[in-house]
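The values are calculated or read from the model by the stated rules, or taken from the named source; none is laboratory data. All of these numbers come straight from a predicted model, not from anything done at the bench. Virtual Cβ from ideal backbone geometry, glycine too; neighbours counted across all protein chains shown. These accessible areas exclude ligands, DNA and RNA; they are computed on the full protein's heavy atoms, side chains included. Shrake-Rupley method; radii C 1.70, N 1.55, O 1.52, S 1.80 Å.
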Amino acid sequence: MTESEKNLKSERIPPVISQSKISTEANQTGTWRFLRPGYDEKTAPCSAACPAGEDIGRIEMLAAKGDLDGAWETILGENPFPAVCGRVCFHPCEGVCNRGEFDSAIAIHGLERFIGDAGIRKKLSAPVPRHTKVSKRIAVAGAGPAGLSAAYFLARIGYGCDIFEAAPEPGGLLRWGIPQYRLPAAVLAAEIDRIESIGVKIHCNSPIHEGRLEGLQRDYDGLFVGCGEGRPIPLKIPGEELALDGLDFLRQMRQGKETCNGVRTAAVIGGGNTAIDVSRSLLRMGAKKVLLIYRRRREDMPAFAQEVELAIQEGVELVELRAPVRIERKDRDCRLILGPMRAEGTAQDGRARILPADGEEESLDVQSLYRAIGAEPAADWLRPSQKGDVERFSRSRIYYDQFPIIFGGDLTNPTKSVADAIGSGKEAAMLFDTLFAEGREAIHDRLQQCRVGQGKSLSMEMYLSGRRKTRNKEEVPFERINTEHFTKAPRQNTPLPGPAHVIGSFAETEKSFSEGAAQKEAERCFNCGICNDCDNCRLFCPEVSVNLSDPRTCEAAGLNRQIDYQYCKGCGICVVECPRDAMSLTEETTPL
Amino acid sequence: MSRTAETIDTAELMYPGHVGCPGCGATIAMKLALRALGEKTMLVIPACCWAIIAGPHPQTSLKVPVLHTAFATAGAAASGLRAALDRQGDTETTVVAWAGDGGTFDIGFQALSGAVERNEDFLYVCYDNEAYMNTGNQRSSATPFGMRTTTTPGTNWKRSRKKNIVEALAAHRIPYAATASIAYPEDLMRKFEKAKAMKGGSRFLHVFATCPTGWRVPSEMCVSIARLAVQTNIFPLYEVEDGNRYTLNFKGEKPVSEYLKPQGRFKHLTQADMKEIQEMVDEDWELLMRKIGLDPCG
Ligand SMILES: Cc1ncc(C[n+]2csc(CCOP(=O)(O)OP(=O)(O)O)c2C)c(N)n1
Ligand code: SF4
Ligand SMILES: [Mg+2]
């Protein structure tokens, strides 16, 4: 008996005063209720925008609480490459971050790198595969981000997986197409090692071509094709052969076979990420002047805006609205003839229409010239056809004609990015598993159940019936954040070195967060739609009807609070004072 | 604001099942106050809504003892309870008078004034819902200018200003007088803890507590409305020590119309009326800033 309860029953109070000796708990005030509050975790916009469907709001919540291991495991549930993506992803998440409407978006990208690096440093091991081993085996063509992701998720579900890679080392575009100043080799190697550690076998120098399909069909139950686009798109102008292929340059460079000694001026034709990577690499290799020639304008570039900005800061000179007309040999130099272009109206793809403009042609003498205007599948059979028994999905296509073959990655993705490739590998893993376990008819509904919000991204945690499966697919708009519970705070930014450090150095350009800055930044996250135990509901409830739940009995929902509907009168204060829309108020149908 | 389950004191000193209206702000005030005061507390409650919420006989909704008293007598009864405890040698228990605005600003004012003039050793809390709510919404001297009540109905809405009770108490030169709001729980609990620790003299807390039923606002807006009162400076959060040392806790920046518009009790007000209220708020704010020693515009 507590002291106060003793007082309550005290006989010391003179008996002439009537005393209350029973509590109000006998009154079932829940019968008054006509609106019912409840925990209703929803989808954060960032996670729906993430091509890998990462549970970003939860990752930041754990990071804010200092639980880096938990944050890392949460990423690994949906993406085997946090340290890679924390460096090379174009982070569409930040563009839709609700905090952006309040002060500035959360530095999700920088935090992912910080968490990913912590995982490597602490040698955390990948989540254990599901117990049930599946007797089926899948072959994967290409050890790039799509193939590695497909194999990682398949292995986690219990499949045996062999990856066949044409190059002498795995990584695909991550290894050969992205320079070390953006993605150090050691980081990539660590994340690939981890995928191998859960049983994925990678066979290098073992290209898959059409002739091998029959053999594969004998040995495997399915094939995932994610070998990307290896053949450069030609410029289709006279003198074409004088321009070198940009991707090939990057590949040679990674093998230490390129130098730029004596190059006064180099030019790169293109506006995508490869063009930017080639330009920035040329500067680092010692080219005195690097011109980036693009037939549209800077704002039309498919390259990530931040990369373009960094390239310009480092000294790359952008030449906009100039199209190459022909290339000639001039002594030992190349002479590039450029025609002026102009922007007008809007084309079907939403960008401005680019037309030839009046004016003189210009000529440019350079010592080295690269083209990087895109790539296409290296062989015809890799071009996913419309024919046959085929079904298309958001980020992959499945062919049933022989044995199930799924095409993914850049071969099928509308947005050709690393994160989309990872998302496509995950989609393929779900397709194979659903196909084998439940049959073709079940696929559509199964994928639908695993969607993150209303978008096309998928969640493996949902697929494996984790807690995330109960999350409402409704996305939390900014208006549903109760901003009264947040104070404005400046975004922490990752430090950038000056361009002076660039020449001759392939050291990583961007620095990571300090631990303090990372935690501070993670604390800024609203945790849209996700309970972070702020306790507002319990604090404000006038009915003492929000109780901390026993985690042992409430494991299923994974929530640390519950509402006592015996007494809750449905005032709705908890729902309004929930800062992050993790609760909802619905009409009461069954009081008590 | 981030609290974790571990850092929260989990024992509430209130039972569920009480008969307050859904969304009652005065109930939130009590719950938060008791979190800060702890179980060594004895309450004196005169006639008011809380006399009912604390439990119709033979029930109680509180885990601390409550002495129910007559409407006008909270100040006197609390003085007596303190004296009785002192006689028993119990100096630890905090005596808390818990009264409504009617019981404080109006009918209980003489008992309160007398007690604090003697500097009685108790904490007096007025939870302010700005009218006699328990008897169906009659105006009190805490009812603000512009509010409709059953005794200031229709076009006869209240034309006189709300009495400034904290200033009246500060004029008694008591050790501690402060305002608090259910929308600022950390600030409120800090003030209760501070008042509890200042033993030996009279402490007074004026707690703003939304009454969704009487104010005609949706119950779920209870806390938001209280927050707006602070954000528009119509209910500033401040403390006065020894009647002359002022501290401001929050500076609001919103126009008072944002507070008035969502409430049914002010629905009839015109733009001109709201402008008049804004001027009163500004005037009061300026006066307060002068006492605090701050630039009213800074
Ligand atoms: C002497 C006396 N007059 C009238 C009443 C009736 N009465 C009971 S509670 C109450 C209103 C109390 O108003 P307030 O103090 O503001 O508290 P609230 O009910 O608003 O919480 C009245 C008039 C009474 N109990 N005693
Ligand atoms: S505030 Fe956090 S959860 Fe919300 S959108 Fe931004 S990163 Fe995602
Ligand atoms: Mg009242």
Those residues of region A:129-149 which are in the same structural domain as residue A:423 (by TED's automatic domain parsing) and within 17 Å of residue A:461 (Cβ to Cβ) amount to A:149
Across (1) more than 14 Å from chain B (Cβ to nearest Cβ); (2) over 19 Å from the mean Cα position of the chain (by Cα), residue A:461 clears everything bar (2)
The residue that is nearest to the chain's Cα centre (by Cα), considering only those in region B:120-159 that are open to solvent by less than 50 Å² (accessible area, probe 1.4 Å) and more than 16 Å from ligand 1 (Cβ to nearest atom), is B:123
Only one of (1) in a loop (DSSP other than H, G, I, E, B); (2) touching a helix residue (DSSP H, G or I) at 6+ places or on another chain (Cβ under 8 Å); (3) among the charged types (D, E, K, R) does not apply to residue B:251, and that is (2)
Quick count over region B:1-34, residues being modelled with pLDDT under 95 and within 8 Å of another protein chain (Cβ to nearest Cβ), is 8
Picking from B:186, B:253, the residue that is farther than 30 Å from residue B:78 by Cβ and of a type in the set (Asp, Glu) would be B:253
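Consider residue A:164 carefully, then state whether it is in contact with a Ser or Thr (Cβ under 6 Å, 6 or more places away or on another chain) and either open to solvent by 10 Å² or more (accessible area, probe 1.4 Å) or among the hydrophobic types (A, V, I, L, M, F, W, C) (or both). I'd like the intermediate steps shown before the answer.
Working: in contact with a Ser or Thr (Cβ under 6 Å, 6 or more places away or on another chain): yes; either open to solvent by 10 Å² or more (accessible area, probe 1.4 Å) or among the hydrophobic types (A, V, I, L, M, F, W, C) (or both): yes.
In short, yes.
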If we take region A:502-584, then helices (runs of 4 or more DSSP H) inside it with 2 or more residues that are open to solvent by 20 Å² or more (accessible area, probe 1.4 Å), more than 10 Å from chain B (Cβ to nearest Cβ) and under 28 Å from residue A:48 (Cβ atoms) are A:515-524
Looking across region B:45-57 at residues that are surrounded by fewer than 23 Cβ atoms within 10 Å (Cβ to Cβ) and at the interface with another protein chain (Cβ under 9 Å from one of its Cβ atoms), the single one that is nearest to ligand 2 (Cβ to nearest atom) is B:55
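Only one of A:158, A:177 is surrounded by 18 or more Cβ atoms within 10 Å (Cβ to Cβ) and in the same structural domain as residue A:406 (by TED's automatic domain parsing); which? Lay out the reasoning, then the answer.
Values: A:158 fails: surrounded by 18 or more Cβ atoms within 10 Å (Cβ to Cβ).
From the options A:158, A:177, the qualifying one is A:177.
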Of all strands (runs of 3 or more DSSP E) fully inside region A:191-306, the set with 3 or more residues that are in the same structural domain as residue A:423 (by TED's automatic domain parsing) and open to solvent by 10 Å² or more (accessible area, probe 1.4 Å) is A:201-203
Those residues of region A:377-408 which are open to solvent by less than 50 Å² (accessible area, probe 1.4 Å) and either of a type in the set (A, V, I, L, M) or in contact with a Pro (Cβ under 7 Å, 6 or more places away or on another chain) (or both) amount to A:379, A:382, A:390, A:397, A:398, A:405, A:406, A:407
Do we find a residue being away from ligand 3 (no atom under 16 Å from the Cβ), touching a strand residue (DSSP E or B) at 6+ places or on another chain (Cβ under 8 Å), outside any loop (DSSP other than H, G, I, E, B) and away from chain A (no Cβ under 14 Å) anywhere in region B:59-77?
-> yes
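Residue by residue through region B:279-298, note down the ones that are under 15 Å from residue B:240 (Cβ atoms) and assigned to a helix (DSSP H, G or I).
Our first condition is that a residue be under 15 Å from residue B:240 (Cβ atoms); within region B:279-298, this holds for B:284, B:287-294.
Across region B:279-298, the qualifying residues are B:284, B:287, B:288, B:289, B:290, B:291, B:292.
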Scanning region B:85-101 for residues that are over 26 Å from residue B:138 (Cβ atoms), open to solvent by less than 50 Å² (accessible area, probe 1.4 Å) and either within 16 Å of ligand 2 (Cβ to nearest atom) or out of contact with any helix residue (DSSP H, G or I) (no Cβ under 7 Å at 6 or more places or on another chain) (or both) gives B:85, B:90
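Tell me the residue from A:128, A:134 that is of a type outside the set (Gly, Ala, Ser), open to solvent by 10 Å² or more (accessible area, probe 1.4 Å) and over 25 Å from residue A:57 (Cα atoms), please.
On the way: A:128 fails: over 25 Å from residue A:57 (Cα atoms).
Every option except A:134 fails the conditions.
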Going through region B:35-44 in order, the residues found to be facing another protein chain (nearest Cβ under 10 Å) and out of contact with any strand residue (DSSP E or B) (no Cβ under 6 Å at 6 or more places or on another chain) are B:35, B:38, B:39, B:40
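Of all the residues that make up region B:105-115, how many are within 7 Å of ligand 1 (Cβ to nearest atom) and in contact (Cβ under 8 Å) with a residue 40 or more places away in the chain? Steps first, please.
As a first pass, look at region B:105-115 and keep what is within 7 Å of ligand 1 (Cβ to nearest atom): B:107.
Imposing the further condition that a residue be in contact (Cβ under 8 Å) with a residue 40 or more places away in the chain reduces the set to none.
Qualifying residue count for the region: 0.
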Over region B:168-187, the set of residues more than 23 Å from residue B:217 (Cα to Cα), within 14 Å of the chain's Cα centre (by Cα) and not small (Gly, Ala, Ser) is B:169, B:187
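Can you tell me which residues in region A:76-105 are charged (D, E, K, R) and open to solvent by less than 30 Å² (accessible area, probe 1.4 Å)? Quick ask: steps written out before the conclusion?
Kept after step one, since they are charged (D, E, K, R), are these residues of region A:76-105: A:78, A:87, A:94, A:99, A:101, A:103.
Listed by number, the residues that qualify are A:78, A:87, A:94, A:99.
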Of the residues in region A:106-125, those that are crowded, with 21+ Cβ neighbours inside 10 Å and of a type in the set (A, V, I, L, M, F, W, C) come to A:106, A:107, A:108, A:111, A:114, A:115
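Looking only at region B:246-257, count every residue that is free of Cβ contacts under 8 Å to residues at least 40 places away in the same chain and surrounded by 13 or more Cβ atoms within 10 Å (Cβ to Cβ) and tell me the total.
6
Could you name every one of the helices (runs of 4 or more DSSP H) located completely within region A:407-491 that has at least 2 residues being of a type in the set (Gly, Ala, Ser)?
A:418-438
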Counted residues in region B:215-237 being closer than 9 Å to residue B:183 by Cα and of a type in the set (Lys, Arg) come to 1
Within region A:53-75, identify whether any single residue is away from ligand 2 (no atom under 16 Å from the Cβ), buried (at least 20 other Cβ atoms within 10 Å of the Cβ) and touching a residue at least 40 places away in the same chain (Cβ under 8 Å), and answer yes or no.
yes
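Could you list, in sequence order, all residues of region A:321-359 that are β-branched (Val, Ile, Thr) and open to solvent by 40 Å² or more (accessible area, probe 1.4 Å)? Walk me through it before giving the result.
To start, the set of residues in region A:321-359 that are β-branched (Val, Ile, Thr) comprises A:325, A:327, A:337, A:346, A:354.
Listed by number, the residues that qualify are A:325, A:346.
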